[in-house]
1. Mind telling me which of the residues GLY59, GLY34, GLY38 ends up being crowded, with 16+ Cβ neighbours inside 10 Å and over 17 Å from ALA112 (Cα atoms)?
2. State all residues of the range 94-127 that are within 24 Å of ALA18 (Cα to Cα) and assigned to a loop (DSSP other than H, G, I, E, B); if no residue qualifies, say none.
3. Checking ALA67 against (1) over 27 Å from PRO2 (Cβ atoms); (2) assigned to a helix (DSSP H, G or I), which single condition isn't satisfied?
4. Looking at the range 41-51, is at least one residue in the same structural domain as LEU28 (by TED's automatic domain parsing), surrounded by fewer than 17 Cβ atoms within 10 Å (Cβ to Cβ), acidic (Asp, Glu) and at pLDDT 95 or above?
5. Could you list, in sequence order, all residues of the range 58-117 that are touching a residue at least 60 places away in the same chain (Cβ under 8 Å) and not hydrophobic (A, V, I, L, M, F, W, C)?
6. May I ask you to say which residue of PRO114, PRO103 is surrounded by 11 or more Cβ atoms within 10 Å (Cβ to Cβ), outside the structural domain of ALA14 (by TED's automatic domain parsing) and of a type outside the set (Asp, Glu)?
7. Which one of LEU47, LEU89 is part of a helix (DSSP H, G or I) and in contact with a strand residue (DSSP E or B) (Cβ under 9 Å, 6 or more places away or on another chain)?
8. Taking TYR5 as the residue in question, decide whether it is modelled with pLDDT under 95 and aromatic (Phe, Trp, Tyr).
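The values are calculated or read from the model by the stated rules, or taken from the named source; none is laboratory data. The model shown is predicted, which means the values in this text are computed figures rather than measured ones. Don't worry about glycine lacking a Cβ; one is built from the backbone with ideal geometry, like all the others, and counts go over all protein chains shown.
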Amino acid sequence: MPLAYTILYVEDVARSLAFYRSAFGLALKLQHEGGDYGELDTGSTTLAFSSRRLLAQLGHQAQAPQADAPCFEIAFTTDDVAATLQQALAAGARGVQEPQQMPWGQTVAYVADPDGFRVEICTPIQA
């Protein structure tokens, strides 16, 4: 069964869309006119954003993420982790971990987005 989308609950959907477009070069797929929902094209899975305000209106409470104590992260693969890290920092990300070579051969860095979600920037895992 394919994974269709992931939704991050954020304070400001437009700000999140702008950040991810600038930081990672993602294309806008949908931005609802009311401003409480938007989607970015990442390939086979959509990265979506919903405002915490909308979630509260629907009777649910979202907790704010903590980049230093994550329970969730998203990852983007790239051949140039250092360059992508610099692009994300220039777009407003907060650095969490500089690029490191992992024992399994992957290079990995971490940033926090403007809402505090942890984002992994990594090279593809080689089989």
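1. Just a single option satisfies the conditions, and that option is GLY38.
2. Once the filter is applied, which keeps residues that are within 24 Å of ALA18 (Cα to Cα) and assigned to a loop (DSSP other than H, G, I, E, B), the range 94-127 yields ASP113, PRO114, ASP115, GLY116, PHE117, THR123.
3. If we test ALA67 against (1) over 27 Å from PRO2 (Cβ atoms); (2) assigned to a helix (DSSP H, G or I), just (2) comes out false.
4. Yes: one or more hits.
5. Passing the criteria: THR84, GLN87, GLY92, ASP113, PRO114, ASP115.
6. Going through PRO114, PRO103 in turn, just one is surrounded by 11 or more Cβ atoms within 10 Å (Cβ to Cβ), outside the structural domain of ALA14 (by TED's automatic domain parsing) and of a type outside the set (Asp, Glu): PRO114.
7. Of LEU47, LEU89, the one residue that is part of a helix (DSSP H, G or I) and in contact with a strand residue (DSSP E or B) (Cβ under 9 Å, 6 or more places away or on another chain) is LEU89.
8. Yes: the conditions hold for TYR5.
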